[in-house]
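The values are calculated or read from the model by the stated rules, or taken from the named source; none is laboratory data. Model, not experiment: these values are computed from the prediction. Note that we place each Cβ from the backbone using ideal geometry, even for glycine, and neighbour counts take in every protein chain shown. Only protein heavy atoms, including side chains, enter the accessible area calculation; ligands, DNA and RNA are left aside. Shrake-Rupley method; radii C 1.70, N 1.55, O 1.52, S 1.80 Å.
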Amino acid sequence: MAPQHRRAGVRRLAVGAAAVAVTAALASGPASGAGVVRAADPSAPAPGAGPAAGEEVPPFGAFLSSDARGVARMAQLSRWLGGTELRVGHTYLPGNRWSDIEGDIGFLEAWAKWRNDKDDRMLVLNVPLQERNEEGVRDDEVRHLLRRGAAGEFDHHFRALAERLVRLGIPDTVLVLGWEMNGTTYTHRCGPDPESWKKYWNRIVTTMRAVPGQKFRFDFTPSRGRDAVPWTECYPGDDTVDIIGMDSYDQPSGMSFDQQVKEPYGLQAQVDFAKAHGKPISYPEWGLFRNGDNPEYMRRMLAWIDRHKPLYNTLTDYCPHGVWQCGANPGSSRVYRSVLSGRTDGTIPAPTPTPTPTPVPTPPTAPLPPAGCSPVDLGNWVEYWLGGKLCLRFDWWSRND
């Protein structure tokens, strides 16, 4: 089982994952959130549909581990993709103690260095909103904690995090606060008291934006579908949200990609909601899950991303979700690699033209030799350049006996 800081949500995702060996294959409505957003009936992208050669594509990356190992694996995954540049790094703060949420952990330095090595890179950081974030805290206690947060009791923890990120030279980090709040996994969930959750979010964003030097962007990221509560009921408002994300795995079992698009609070609903609120979209977490190795899902999700151009997307790359560090999904791995290999500078590579071969002349058939002449076999090409067969006359021998 991965540690909590590797990916929060592992409790929900771990069913069946423990049996899958990880290979070391390193070769709504209004801003208040009221109302229900239902999906339109879109014309979903055809399998394999994508951008044309030379067209700009959104930056992407993968979650490869929260700590410094994840940083090292970025270069390895890039090589596996034929040199495609991974412009998005993704990591998670642990949610065990408030000191974790303040960023008092060593691996942020490694990610800060990776981010600052190139100007066009983006660092995405998931931030829990409560300590004991995966300890199964009861709804009544969650409700009490949300009200304390809404009253400002926890502001100082988020101020400390903002100051640390600025000191590390990563003031433009994308912050995914309280992700998958519409579910039941985390102590930072919204369901027990949506109004207090929204007030709490707004206090956190206001507090972090007040830190000198910050340029943060705040990503509101529910899980796809209704889950425990409609995610629109948790939306805190346009003033404190910069990006509308969605964590979207290939689940539940038997659900097609078209259904994932069309379901209430699904992929199309996210796109429509973001457009109505003037926000870009993102996919901080996506990958395989309940339907196993599913190349069709992989093709369709990559085509959806290319079509709708999220600000960024990061595949969750470990079993059962991934394609590089997980040997259980070979078909999906081939699809992911074939689609994304060779993308450099944010563009689709133009196909390499197949050179037209220069026609090779066919040597003519040599005429029959004249009478009294014995032909010498020198091969077709020599005879072609000589203009015919070389022969020896019989009478030459008789004259020189």
Test residue 211 against the stated conditions and say whether it is assigned to a loop (DSSP other than H, G, I, E, B) and aliphatic (A, V, I, L, M).
yes
What about residue 198, is it outside any helix (DSSP H, G or I) and basic (Lys, Arg)?
no
I'd like to know if segment 176-192 contains one or more residues that are more than 20 Å from residue 137 (Cβ to Cβ) and either surrounded by 19 or more Cβ atoms within 10 Å (Cβ to Cβ) or polar (S, T, N, Q) (or both).
yes
Considering only segment 114-148, state which residues are aliphatic (A, V, I, L, M) and within 18 Å of residue 216 (Cα to Cα).
122, 123, 124, 125, 127, 129
Hits in segment 247-264 (condition: open to solvent by less than 10 Å² (accessible area, probe 1.4 Å) and in a loop (DSSP other than H, G, I, E, B)):
250
Within the bounds of segment 72-86, is there any residue that is under 26 Å from residue 186 (Cα atoms) and aliphatic (A, V, I, L, M)?
no
Hits in segment 221-246 (condition: in contact with a Gly (Cβ under 7 Å, 6 or more places away or on another chain), part of a loop (DSSP other than H, G, I, E, B) and open to solvent by 20 Å² or more (accessible area, probe 1.4 Å)):
224, 227, 228
Answer yes if at least one residue in segment 308-320 is open to solvent by 70 Å² or more (accessible area, probe 1.4 Å), under 21 Å from the mean Cα position of the chain (by Cα) and at pLDDT 95 or above, and no otherwise.
yes
Within the set of pairs 6+ apart or on separate chains, which have a first residue in segment 270-287 that is closer than 13 Å to residue 304 by Cβ and modelled with pLDDT under 95, a second that is among the aromatic types (Phe, Trp, Tyr) and crowded, with 24+ Cβ neighbours inside 10 Å, and C-beta atoms under 7 Å apart?
none
